[in-house]
1. Give me the residue from segment 110-140 that is of a type in the set (V, I, T) and touching a helix residue (DSSP H, G or I) at 6+ places or on another chain (Cβ under 6 Å) and, out of that set, most open to solvent (accessible area, probe 1.4 Å).
2. Find all pairs meeting these conditions: Cβ atoms under 9 angstrom apart; at least six residues apart or on different chains; first residue within segment 218-229 and closer than 14 Å to R291 by Cβ and modelled with pLDDT of 90 or more; second residue open to solvent by 30 Å² or more (accessible area, probe 1.4 Å) and basic (K, R).
3. With the structure loaded, tell me whether G213 is open to solvent by 20 Å² or more (accessible area, probe 1.4 Å), touching a residue at least 24 places away in the same chain (Cβ under 8 Å) and at positive phi or whether it fails that test.
4. How many of the residues making up segment 360-405 are over 17 Å from R339 (Cα atoms) and either of a type outside the set (S, T, Y) or under 27 Å from the mean Cα position of the chain (by Cα) (or both)?
5. Of the residues V322, V279, V303, which is of a type in the set (V, I, T), open to solvent by 10 Å² or more (accessible area, probe 1.4 Å) and touching an Asp or Glu at 6+ places or on another chain (Cβ under 8 Å)?
6. From the set of residues in segment 28-45 that are in a loop (DSSP other than H, G, I, E, B) and open to solvent by 60 Å² or more (accessible area, probe 1.4 Å), which is farthest from T171 (Cα to Cα)?
7. Quick one: would you say E293 is over 15 Å from E236 (Cβ atoms) and outside any loop (DSSP other than H, G, I, E, B)?
8. Take V195 and decide whether it is surrounded by 13 or more Cβ atoms within 10 Å (Cβ to Cβ) and either out of contact with any Phe, Trp or Tyr (no Cβ under 6 Å at 6 or more places or on another chain) or part of a loop (DSSP other than H, G, I, E, B) (or both).
Amino acid sequence: MADRVTVIGWDGSPLTEAARGALGAATLVAGAPHHLTLPEVPAEAQRVRLGSVSLAGRRIADHRGTAVVLADGDPAFFGVVRTLRSPEFGLEVEVVPAVSPVAAAFARAGMPWDDAQVVVAHKRTLRRAVNVCRAHTKVAVLTAPGAGPAELGLLLEGVHRTFVICEELGTEREQVTVVTSDKAADHTWRDPNVVIVVGGHPGAGEGGGWIAGRDPAAGPRGWTQPAATYGGALGEGETDLLRAAQLARLGPRLGDLVWDIGCGSGAFAAEAARGGAAVIAVDRDPQACARTESAARAFGVQVQVVHGDAPHILENLPEPDVVRIGGGGAAVASAVADRRPQRIVAHAVSRDEAELVGRDLTEHGYRVQCALLQSVELDVRAWTETERSVAFLLTGEIVRRESPR
């Protein structure tokens, strides 16, 4: 094991005295090609190109001597420190930090960032990063080749955002460009870059507070709100308790994309978005679309509303993680199941309808649960019944098949 491991962050500015001292004593130096050519790297030191951090970690763990790892920005912020400290290598590291590229990007833009979400986009996480950009009004995206500004813009089709694209921060080739999201694919961008994504109407609790990112305490308590919050009577399948059960079964979370098909009053769409998920709400009724937009504004959440008739309108929507079917029956359930979301919830008012939807989901490879939910509202002044509702709640969870060995 290396006698000493120092991780040095580099933001393009001159190295600190501590960093120069560590480099001067190094017998192994790991870093990107532009790090290994720094004049402070000892000529006699073994050089390791930092492609795979895990591979470099094994080389460092096996090294007998003093090792230094050079990394861009703050190496403890989405950087190499997490990997090097993993139990696999057993390394104790000292860190010489630098300004993170996220902090540098917001400084170049002259914007505060305590209210921003920060995500990493590479080919495996690009879709989830885009969903965060859909759901929040200020997001910093640390990009990677194949998951950069152009790809972000293409996947945000239908959602208007402004991109502040910061290329090669801290170098002589540094450049900051402001474009709209629909124009980002028209350019070729240099790596590395950071994209600040801003837009949408202001959310509840924004403007600075006690916690970085979105304030989880913004808005009223409770997963669901009473009908009066949405302007009075709600449609079939929109009762408070049924919505609460649907939210509990789907569990929408940050990075998810939720489809709400047959959004009605917008109650479910707004409440799913309050949890941090991106939401696309669909309805064929223009008034329902308007009510949903109003509910989203009232709660300060971002919801994309699509006017159209399911299942045909669903063809061009981006891939969902979870789906609530508020109307359309088995035909819509079949079209949704073809897109393979992780979970689907639907409701039915009769056993025959429930069996039809449940059978269709089962045939599409979903494990189906069904519960008969009955709720009775009481006037507590006289303890008399004021309203009764009954619905079948269906939940489909995709069955993951093990790959053959």
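The values are calculated or read from the model by the stated rules, or taken from the named source; none is laboratory data. Computed from a predicted model, the values in this text were never measured in an experiment. Every residue, glycine among them, receives a Cβ derived from its backbone with ideal geometry; neighbour counts consider all protein chains shown. The protein model used for the area step is the full one, side chains on, heavy atoms only, and it has no ligands, DNA or RNA in it. Shrake-Rupley method; radii C 1.70, N 1.55, O 1.52, S 1.80 Å.
1. Result: V118.
2. none
3. So G213 does not fit the description; no.
4. Qualifying residue count for the region: 25.
5. V303
6. Going through the qualifying residues, I end up with E44.
7. Judged against the criteria, E293 is a match.
8. no
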